DNA sequence: TATTGTTATACTCTATAACTATA
DNA sequence: TATAGTTATAGAGTATAACAATA
């Protein structure tokens with residue numbers, strides 16, 4: 001028998017105790033729900049929140065190096081190699097020579113820009129869906145509060 | 001050379017474009033920062049947010065089955081086996097016979113209850129640290145807004 | 001027939017450390 | 001000496017599918 005995996009943030013009859021009082025758990029809960037909708041939205045497409053972010057960062061910071069991208073995403077440099085390898089194979093990102101011959105300048109290809117435009121559209125729709133219970137003011141407020149959780 | 005991995009939610013001089021407008025990315029950002037502080041807080045202890053949650057759920061829902069726990073945590077049943085195996089080895093959780101001989105009743109041991117009390121204390125301090133920039137009203141508001149992101 | 005716990009397996013993500021070529 | 005990208009490797013987390021025992 002198959003078991004469909006699904007995160008239900010609050011299950012009837014289950015006592016969550018302290019978890020209900022922790023800001024951290026509230027964020028985690030939301031994140032799991034959001035991730036699930038993202039995955040369902042992008043079903044079939046080989047894209048994850050992580051990979052989507054890296055495309056956006058490369059698009060808006062053309063010529064960025066892999067090490068810098070790793071820093072922005074908060075992962076090890078070796079992880080970026082795999083990500084860029086994947087996008088390069090698909091023809092979405094190219095590694096261009098930079099002034100420093102140790103490093104590359106990452107750039108979106110034309111195909112990459114076209115694909116990202118489609119991804120952005122889908123992600124925006126996903127984002128509106130998951131935040132549909134909030135009005136514009138609440139969304140802004142939520143983002144502002146979340147920003148305060150990130151050390152400056 | 002070692003490269004210390006660290007997530008910086010916003011890096012000077014980097015253009016984030018649409019990521020700055022997505023509720024989903026705001027949540028993800030916060031989650032990464034929070035996780036980092038959690039890991040630093042619990043350094044040395046063999047505990048993760050996931051494992052901490054399962055201890056809390058077992059404590060407050062004594063006799064819960066593994067399948068039910070999997071459902072609460074939104075992971076596969078096989079994942080729960082590994083988690084409970086680990087806690088059983090440490091003597092924090094025990095599998096007791098239940099009415100249905102196919103399933104176990106999960107219970108915290110005395111040692112488990114003592115250990116969880118310590119974990120709770122540490123997690124609460126961690127949670128207050130990561131949300132130190134918010135006053136009580138803001139925390140409540142944030143949790144309320146986040147709750148609206150989780151499908152009912 | 002269906003469900004519970006379990007196992008085997010595979011896949012993804014990730015960090016670490018060592019390597020190379022450049023600086 | 002230090003840095004950028006790369007590789008090899010290992011560990012964690014996870015899902016899937018099949019199995020035995022039980023319902």
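The values are calculated or read from the model by the stated rules, or taken from the named source; none is laboratory data. Everything quoted here is computed from the prediction, not taken from an experiment. Virtual Cβ from ideal backbone geometry, glycine too; neighbours counted across all protein chains shown.
Structure notes:
- Subset tally (residues that are more than 8 Å from chain B (Cβ to nearest Cβ) and either under 14 Å from the mean Cα position of the chain (by Cα) or on the phi > 0 side of the Ramachandran plot (or both)) for the range A:46-69: 11
- In the range B:107-145, the residues that are within 13 Å of chain A (Cβ to nearest Cβ), in contact (Cβ under 8 Å) with a residue 40 or more places away in the chain and not in a helix (DSSP H, G or I): B:108
- Where a residue in the range A:59-72 is within 8 Å of DNA strand D (Cβ to nearest atom) and its partner, wherever it lies, is modelled with pLDDT under 95, with Cβ under 9 Å and at least six apart: A:67/B:3; A:70/B:3; A:70/B:5
- Looking only at residues in the range A:71-91 that are away from chain B (no Cβ under 11 Å), more than 10 Å from DNA strand C (Cβ to nearest atom) and under 17 Å from the mean Cα position of the chain (by Cα), the one that is farthest from residue B:9 (Cα to Cα) is A:87.
- Scanning the range A:1-35 for residues that are more than 8 Å from chain B (Cβ to nearest Cβ) and under 16 Å from the mean Cα position of the chain (by Cα) yields one hit, A:35.
- Within the range A:40-49, the residues that satisfy the criterion of being surrounded by 14 or more Cβ atoms within 10 Å (Cβ to Cβ) and either within 16 Å of DNA strand D (Cβ to nearest atom) or farther than 24 Å from residue A:132 by Cβ (or both) are A:42, A:48, A:49.
To keep it simple, each residue is scored yes or no on (1) over 30 Å from residue A:98 (Cα atoms); (2) surrounded by fewer than 19 Cβ atoms within 10 Å (Cβ to Cβ).
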residue	(1), (2)
A:11	yes, yes
A:19	yes, no
A:22	yes, no
A:33	yes, no
A:54	no, no
A:57	no, no
A:60	no, yes
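- Single unsatisfied condition, residue A:149 versus (1) free of Cβ contacts under 8 Å to residues at least 60 places away in the same chain; (2) surrounded by 15 or more Cβ atoms within 10 Å (Cβ to Cβ): (1)
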